[in-house]
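Asker: Questions regarding the structure given below will be posed in turn.
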Amino acid sequence: MRVIIIGAGQVGSSIAASLAPTHDVIVIDADGDRVDSLTYSIDVLPIEGDGTSLSTLREANIAAADLFIACTDDDETNIVSCSTARAISDVFTVARVKRETYHQTWTETGGSFGVDFMVCTNLLAAETIVRIIGLPAAHDVDVFAGGQVMMAEFCVPDGSPLAGQTVASADTFEELTFAALFRDDSISVPTGRTVIEEGDDLVVIGSPESTHALAGGLTPEQSSHQEDIVIIGGSQAGVQTAKLLQERGRRPRLIEHDHDRARELAEALTATTVMESDAMDREFLNREHVDEADVVISALESDEKNLLATLLADRIGVDRTIALVEAAEFTDLFEAVGVGAAVNPRDATAEEIIRFTHGNDTENVSLIEHGSAEVLEIEVDADSILTDRPIRESTEELPGKVVIGAVTRDGSFITPRGDTTIRVGDHVVLFAETSDVAAVAEAV
């Protein structure tokens with residue numbers, strides 16, 4: 001596949017790194033130094049230029065491209081780039097935007113602006129936050145097969161009842177698969193004899209009921225029914241989070257320092273209590289009983305401020321904290337110093353876009369550990385290596401570490417076992433290392 005990417009920032013670089021080993025990738029950016037630095041580590045064709053320019057797109061041979069991804073930090077540039085590309089080619093266009101109003105217009109008009117698929121970074125981040133809220137100890141959650149399958153990545157906390165147990169003794173859940181274990185920067189597929197240790201990151205795939213049951217076992221002191229939710233910051237991501245919580249019947253509280261912005265949000269968010277104050281004011285936090293909140297989400301427009309706000313919330317006794325993190329390299333740092341979960345909007349955007357490169361049978365993709373592994377949902381066809389064969393037999397022929405975590409068939413959840421036979425039309429949710437994903441997706 002020939003892929004043209006406009007923008008060599010974090011999102012563009014992440015997508016390029018994922019696609020470069022198996023696709024022809026061209027990266028266009030107005031900043032020549034940024035593009036050149038990208039090519040030192042990734043095998044891509046760099047072009048310094050304007051992604052909205054006809055001449056630049058012709059230089060990239062847009063007519064031969066299969067996929068066009070506009071993911072700069074400027075919404076208007078991304079939309080105009082896609083419109084320009086579609087004006088001179090039949091390429092499939094994907095635009096990344098941060099403003100939800102553009103996404104709403106595109107959705108309600110059935111696709112416009114010359115954009116075939118639009119990804120709203122702030123909306124994706126809010127959706128990730130809302131999924132994480134109801135799952136104690138999780139720092140990444142995604143759903144597959146229309147909500148029938150859930151993938152979650154848990155960090156095993158100090159003092160967890162599961163620490164010291166083998167996977168065989170910990171796995172008492174009927175519809176759950178322990179797909180992977182991350183320890184000391186290494187990935188392993190756990191067996192029944194694998195001992196779970198404090199600090200391990202566990203990736204599990206299963207039904208929502210079993211996944212929630214595991215979460216309760218990891219942190220029995222935390223309730224999954226977290227009602228008192230406080231959002232710090234009236235950013236676009238913070239507002240989208242409040243809206244999603246309202247849609248689910250929650251009544252969150254939101255702290256915004258700017259007077260005009262707070263008044264605007266108070267009028268727009270009818271089921272949210274908007275408080276005008278500085279979230280770093282400890283006297284205010286105590287007076288408003290923020291220390292008694294089940295969850296505090298920091299959605300300020302600065303990584304440094306989000307870190308300080310969540311650390312302060314943790315210090316005053318908040319049960320759980322979640323922070324937005326724009327710089328991917330800070331994600332591990334946030335979690336290492338005590339932030340419950342760090343959500344990177346750009347990672348969420350990258351995984352939403354990458355699924356278009358895995359073929360028509362790939363329904364959903366989730367990136368794990370900053371793209372070192374992926375969880376895929378694939379609809380099995382007659383040509384799949386899995387078709388009409390027991391899982392034990394077919395997975396032996398797949399490259400790398402592949403774990404089939406769940407199967408859905410005709411609307412029913414199936415817990416995969418070695419002797420489970422996969423049929424045409426089944427939806428398979430599997431774990432694989434990113435280096436093997438292209439080969440696995442092609443075979444499956």
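Asker: Quick one: how many residues across segment 383-441 are assigned to a loop (DSSP other than H, G, I, E, B) and either touching a residue at least 60 places away in the same chain (Cβ under 8 Å) or over 20 Å from residue 367 (Cα atoms) (or both)?
Answerer: 21
Quick grid of which residues meet (1) surrounded by 18 or more Cβ atoms within 10 Å (Cβ to Cβ); (2) at pLDDT below 95:
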residue: 19; (1), (2): yes, yes
residue: 32; (1), (2): no, yes
residue: 45; (1), (2): no, yes
residue: 56; (1), (2): yes, no
residue: 61; (1), (2): no, no
residue: 64; (1), (2): no, no
residue: 73; (1), (2): no, yes
residue: 110; (1), (2): no, yes
residue: 133; (1), (2): yes, yes
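Asker: Please list, ordered by first then second residue, the pairs with beta carbon atoms under 7 Å, 6 or more apart or interchain, first in segment 91-102 and within 10 Å of residue 119 (Cα to Cα), second in a loop (DSSP other than H, G, I, E, B).
Answerer: Within 7 Å, the pairs are 94/116; 95/115; 96/71.
This table checks each residue for (1) under 20 Å from residue 3 (Cα atoms); (2) at pLDDT 85 or above; (3) not charged (D, E, K, R); (4) not assigned by TED's automatic domain parsing to the domain that holds residue 15.
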site: 347; (1), (2), (3), (4): yes, no, no, yes
site: 367; (1), (2), (3), (4): yes, no, yes, yes
site: 378; (1), (2), (3), (4): no, yes, yes, yes
site: 383; (1), (2), (3), (4): no, yes, no, yes
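Asker: If you don't mind, there's one more thing I want to ask. Among the residues of segment 107-156, how many are assigned to a loop (DSSP other than H, G, I, E, B) and touching a helix residue (DSSP H, G or I) at 6+ places or on another chain (Cβ under 7 Å)?
Answerer: 8
Asker: Could you name every one of the strands (runs of 3 or more DSSP E) located completely within segment 1-87 that has at least 3 residues being within 29 Å of residue 372 (Cα to Cα) and in contact (Cβ under 8 Å) with a residue 60 or more places away in the chain?
Answerer: Correct list: 2-6, 67-70.
Asker: A further question follows. Mind listing whichever residues of segment 192-216 are assigned to a helix (DSSP H, G or I), out of contact with any Pro (no Cβ under 6 Å at 6 or more places or on another chain) and small (Gly, Ala, Ser)?
Answerer: 210, 213, 216
Asker: Can you tell me which condition residue 371 does not meet? The list is (1) in contact with a strand residue (DSSP E or B) (Cβ under 8 Å, 6 or more places away or on another chain); (2) touching a residue at least 24 places away in the same chain (Cβ under 8 Å), and all the others hold.
Answerer: With respect to (1) in contact with a strand residue (DSSP E or B) (Cβ under 8 Å, 6 or more places away or on another chain); (2) touching a residue at least 24 places away in the same chain (Cβ under 8 Å), residue 371 is out only on (1).
Asker: Looking only at segment 253-294, how many residues end up being surrounded by 15 or more Cβ atoms within 10 Å (Cβ to Cβ) and of a type in the set (Ser, Thr, Tyr)?
Answerer: 2
Asker: So residue 297 fits all but one of (1) within 30 Å of residue 19 (Cβ to Cβ); (2) surrounded by 15 or more Cβ atoms within 10 Å (Cβ to Cβ); (3) over 13 Å from the mean Cα position of the chain (by Cα); what number is the exception?
Answerer: It is condition (1) that residue 297 fails.
Asker: Considering only residues that are on the phi > 0 side of the Ramachandran plot and either in contact with a Pro (Cβ under 9 Å, 6 or more places away or on another chain) or buried (at least 23 other Cβ atoms within 10 Å of the Cβ) (or both), which ones fall in segment 135-158?
Answerer: Correct list: 137, 147.
Asker: How many residues are within 24 Å of the chain's Cα centre (by Cα) and either assigned by TED's automatic domain parsing to the domain that holds residue 186 or more than 21 Å from residue 148 (Cα to Cα) (or both) when one looks only at segment 403-440?
Answerer: Number satisfying all stated conditions: 8.
Asker: Name the residues in segment 265-304 that are out of contact with any Gly (no Cβ under 8 Å at 6 or more places or on another chain), of a type in the set (D, E, K, R) and not in a loop (DSSP other than H, G, I, E, B), would you?
Answerer: 267, 276, 282, 283, 287, 303, 304
Asker: Find all pairs meeting these conditions: Cβ atoms under 8 angstrom apart; at least six residues apart or on different chains; first residue within segment 143-163 and within 23 Å of residue 322 (Cα to Cα); second residue among the aromatic types (Phe, Trp, Tyr) and not in a loop (DSSP other than H, G, I, E, B).
Answerer: Close Cβ pairs satisfying both conditions: 150/144; 151/144.
Asker: Looking only at segment 352-382, which residues are hydrophobic (A, V, I, L, M, F, W, C) and assigned to a strand (DSSP E or B)? Don't jump to the end; show me each part of the working.
Answerer: Within segment 352-382, the subset hydrophobic (A, V, I, L, M, F, W, C) is 353-354, 356, 365, 367-368, 373, 375-376, 378, 380, 382.
The answer is 365, 367, 368, 373, 375, 376, 378.
Asker: Let me ask something else about it. Every residue in segment 267-294 that is more than 29 Å from the chain's Cα centre (by Cα) and of a type outside the set (Lys, Arg), please.
Answerer: Initial filter on segment 267-294 (more than 29 Å from the chain's Cα centre (by Cα)): 267, 275-278, 281-289.
Within segment 267-294, 267, 275, 276, 277, 278, 281, 283, 284, 285, 286, 288, 289 meet the criteria.
Asker: To continue, here is another question. Which condition from (1) surrounded by fewer than 21 Cβ atoms within 10 Å (Cβ to Cβ); (2) of a type in the set (Asp, Glu); (3) in contact with a strand residue (DSSP E or B) (Cβ under 7 Å, 6 or more places away or on another chain) is the one that residue 90 breaks?
Answerer: Only one criterion is unmet by residue 90, namely (3).
Asker: Within segment 164-191, take every residue that is touching a residue at least 60 places away in the same chain (Cβ under 8 Å) and in a loop (DSSP other than H, G, I, E, B) and give me the one that is surrounded by the fewest Cβ atoms within 10 Å (Cβ to Cβ).
Answerer: 174
Asker: Another question about this same structure. Report whether or not residue 343 is surrounded by 24 or more Cβ atoms within 10 Å (Cβ to Cβ) and either assigned by TED's automatic domain parsing to the domain that holds residue 142 or in contact (Cβ under 8 Å) with a residue 40 or more places away in the chain (or both).
Answerer: Against the criterion (surrounded by 24 or more Cβ atoms within 10 Å (Cβ to Cβ) and either assigned by TED's automatic domain parsing to the domain that holds residue 142 or in contact (Cβ under 8 Å) with a residue 40 or more places away in the chain (or both)), residue 343 qualifies.
Asker: Could you please let me know if residue 395 is within 29 Å of residue 5 (Cα to Cα), hydroxyl-bearing (Ser, Thr, Tyr) and crowded, with 19+ Cβ neighbours inside 10 Å? Talk me through it step by step, then tell me what you get.
Answerer: On the way: within 29 Å of residue 5 (Cα to Cα): no; hydroxyl-bearing (Ser, Thr, Tyr): yes; crowded, with 19+ Cβ neighbours inside 10 Å: yes.
Considered against the rule, which asks whether it is within 29 Å of residue 5 (Cα to Cα), hydroxyl-bearing (Ser, Thr, Tyr) and crowded, with 19+ Cβ neighbours inside 10 Å, residue 395 comes out as no.
The values are calculated or read from the model by the stated rules, or taken from the named source; none is laboratory data. Computed from a predicted model, the values in this text were never measured in an experiment. We place every Cβ from the backbone using ideal geometry, glycine too, and count neighbours over all the protein chains shown.
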